[in-house]
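**Q** Pasting a structure below so you can have a look.
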Amino acid sequence: MDPLGGGGCRVYLITPPAFDPGAFGDLLAAALDAGDVAAVQLRLKDADDATWQRAIDALRPVAQTRDVAFLLNDRADLVRPTGCDGVHVGQDDMPARQARALLGPELTIGVTCKASRDLAMAAGEDGADYVAFGAFFPSTTKEVTRLADPEILHWWSELMELPCCAIGGITAANCAPLVRAGVDFLAVVGAVWNHPDGPGAGVRALEAAIAAAA
């Protein structure tokens with residue numbers, strides 16, 4: 001089952017590395033109104049709780065009023081108190097099993113599994129709702145030490161019902177092999193927020209590329 005709703009390959013938005021929450025709400029609305037977005041992940045590295053709260057207050061309603069899941073990166077402890085829809089955790093963050101204990105059975109948990117089949121299997125056993133593989137391409141938002149092969153998406157989608165997400169340097173120009181491999185979500189940052197014609201155009205370009213590759 002797809003925990004974020006819908007079917008086929010869908011766009012999954014991650015917030016940019018730095019932004020002003022107040023002004024960013026309009027940009028997020030423009031992106032979400034442009035097409036079918038499965039989720040928004042709020043990613044704030046090294047931010048204090050007050051910054052997290054301000055960003056959640058500004059952006060969560062923008063996503064949820066459009067029936068788009070609003071997830072927090074790493075901060076499982078903030079999900080339920082702030083009314084968010086779930087959390088995405090990395091391998092160096094809270095284990096999925098611990099996050100599930102905090103969130104309960106109904107909220108969404110995603111887990112970064114890099115290019116590891118073993119980590120993905122373990123995440124599924126620990127209660128993840130989707131697994132994320134990557135990076136598939138060089139990324140400007142995170143240091144990449146080893147690129148993943150799209151074959152892992154094909155392997156996973158053929159064997160498992162649990163949805164998978166691809167992350168890392170994904171654009172409209174390079175996503176076709178990932179779509180053809182069976183990925184459920186394309187997690188993007190720069191492809192939308194840095195698009196020369198604005199975030200709405202970024203989402204539309206990704207959707208057109210997904211449709212062309214499907």
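The values are calculated or read from the model by the stated rules, or taken from the named source; none is laboratory data. Just so it is clear, the model here is predicted, and its values are computed rather than measured. Cβ placement follows ideal geometry from the backbone for every residue including glycine, while neighbour counts extend to all protein chains displayed.
**Q** Out of the residues in the stretch 31-54 that are small (G, A, S) and part of a loop (DSSP other than H, G, I, E, B), state the one that is nearest to P177 (Cα to Cα).
**A** Filtering first and then ranking leaves G35.
**Q** Also, quick follow-up: Every residue in the stretch 1-30 that is part of a loop (DSSP other than H, G, I, E, B), among the hydrophobic types (A, V, I, L, M, F, W, C) and buried (at least 20 other Cβ atoms within 10 Å of the Cβ), please.
**A** If the condition is that a residue be part of a loop (DSSP other than H, G, I, E, B), among the hydrophobic types (A, V, I, L, M, F, W, C) and buried (at least 20 other Cβ atoms within 10 Å of the Cβ), then L4, C9 are the ones that fit.
**Q** Another question, if that's okay. Being hydroxyl-bearing (S, T, Y) and surrounded by 16 or more Cβ atoms within 10 Å (Cβ to Cβ): is that true of T51 here?
**A** no
**Q** Then there's this: Considering only the stretch 37-52, I want to know if a residue exists there that is at positive phi and modelled with pLDDT of 95 or more.
**A** No: the stretch 37-52 contains no residue that is at positive phi and modelled with pLDDT of 95 or more.
**Q** Still on this structure, I have one more. Among the residues of the stretch 108-158 satisfying the criterion of being among the hydroxyl-bearing types (S, T, Y) and without any contact (Cβ under 8 Å) to a residue 12 or more places away in the chain, which is surrounded by the most Cβ atoms within 10 Å (Cβ to Cβ)? Spell out how you get there, then give the answer.
**A** We begin by selecting, within the stretch 108-158, every residue among the hydroxyl-bearing types (S, T, Y); these are 108, 112, 116, 130, 139-141, 145, 157.
With without any contact (Cβ under 8 Å) to a residue 12 or more places away in the chain added as a condition, the list becomes 116, 145.
Details: S116: 16, T145: 7.
Applying the filter and picking the extreme gives S116.
**Q** Still on this structure, I have one more. When you scan the stretch 154-194, how many residues do you find that are touching a Gly at 6+ places or on another chain (Cβ under 6 Å) and either part of a helix (DSSP H, G or I) or over 22 Å from V89 (Cα atoms) (or both)?
**A** 4
**Q** Something else now. Could you tell me how many of the residues in the stretch 64-81 are part of a helix (DSSP H, G or I), surrounded by fewer than 23 Cβ atoms within 10 Å (Cβ to Cβ) and touching a strand residue (DSSP E or B) at 6+ places or on another chain (Cβ under 8 Å)?
**A** 2
**Q** In a helix (DSSP H, G or I), surrounded by fewer than 18 Cβ atoms within 10 Å (Cβ to Cβ) and of a type in the set (D, E) - does that describe any residue in the stretch 92-99? Outline the logic, then answer.
**A** The initial filter retains those residues of the stretch 92-99 that are in a helix (DSSP H, G or I), namely 96-99.
Restricting the remaining residues to those that are surrounded by fewer than 18 Cβ atoms within 10 Å (Cβ to Cβ) gives 97-98.
Retained after the next criterion (residues that are of a type in the set (D, E)): none.
For the stretch 92-99, residues in a helix (DSSP H, G or I), surrounded by fewer than 18 Cβ atoms within 10 Å (Cβ to Cβ) and of a type in the set (D, E): absent.
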